[in-house]
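Note sheet for the following structure.
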Amino acid sequence: MEDARALGLSLQRPMDVKDLPETGARFDESLPSEFVDVLLGEAAARGAVRFSARGPGHAVLSAQPLGPEDIPPVRFCGKVKAELSTTCVRCLEAVLLSVEAPIEATLFPETDPLAGVGQSGKRGPGKPIKVVGGDPLEPWAETFPDPDRLAEDAYDGIRLPLPQILQQALLIELPADPACADTVACDARTAELIASANADARASDAAGDPRWAALRALRQGANTNDDEPEGKD
């Protein structure tokens, strides 16, 4: 297995399958925090909670073709690590996370089932199908395949979506409801937030909604007139 760096390959951009050696390639690469933020993307938003990189990440990944074909299935094994920050869903304090996501995936080329069939009746490697959809990767201006296609363990027969592989592995490991590790302190801060919110609500009820001030004045005036003695000129 050859060193990907020596081949000029990077996990930060898709790789042409033709550049993958028959013996495979091994990546051992630091990921800039800006790139980790791109991987997190909008899909990392869980309601009001967002995740962001608080430093560079790191990934180790091997890519191994599973056959001698020009467009072979490719096996990926490795892991991606990231140091992230987010917000506690209970007390709203900052939460620091260390996420390590394993990667185990095999991508098969998408091909036209009728392409490459000659007079012998044997199928050739097939015709690559263009991937539809995907969002641009900034600032590298690359395009990822549709995530649904990757979930089906497929690639377009031309480019191996290395950033997308890292992205899906990382997003799966994100907690749905991040919270403070110190539960005692978190409970105290949460109780204080609830008490403050309740006090504000009671004060607002006592003061009344200013939008209804005119109506309250009319109602108070009507009540005053009702209290006056009958027969008074």
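The values are calculated or read from the model by the stated rules, or taken from the named source; none is laboratory data. All figures in this text were calculated on a predicted structure; none of them were measured in a lab. Here Cβ is always computed from backbone atoms with ideal geometry, including for glycine, and neighbour counts include all displayed protein chains. Heads up: the accessible areas ignore ligands, DNA and RNA and are worked out on the full protein's heavy atoms, side chains in. Shrake-Rupley method; radii C 1.70, N 1.55, O 1.52, S 1.80 Å.
Looking at Leu39, Leu31, Leu96, which one is in contact (Cβ under 8 Å) with a residue 40 or more places away in the chain and in contact with a His (Cβ under 7 Å, 6 or more places away or on another chain)?
Leu31
Looking at Leu150 and the list (1) modelled with pLDDT under 85; (2) part of a loop (DSSP other than H, G, I, E, B), which single condition is not satisfied? If we test Leu150 against (1) modelled with pLDDT under 85; (2) part of a loop (DSSP other than H, G, I, E, B), just (2) comes out false. Of the residues making up region 1-36, those that are under 21 Å from Tyr155 (Cα atoms) and of a type in the set (S, T, N, Q) number 3. Number of residues in region 35-57 that are at pLDDT 95 or above and open to solvent by 70 Å² or more (accessible area, probe 1.4 Å): the value is 1.
Within region 59-81, residues that are without any contact (Cβ under 8 Å) to a residue 60 or more places away in the chain and closer than 13 Å to Leu160 by Cα reach partners that are of a type in the set (S, T, N, Q) and part of a strand (DSSP E or B) with beta carbons closer than 6 Å, at six or more positions or on different chains, in the pairs Pro73/Thr106; Arg75/Gln64; Arg75/Thr106.
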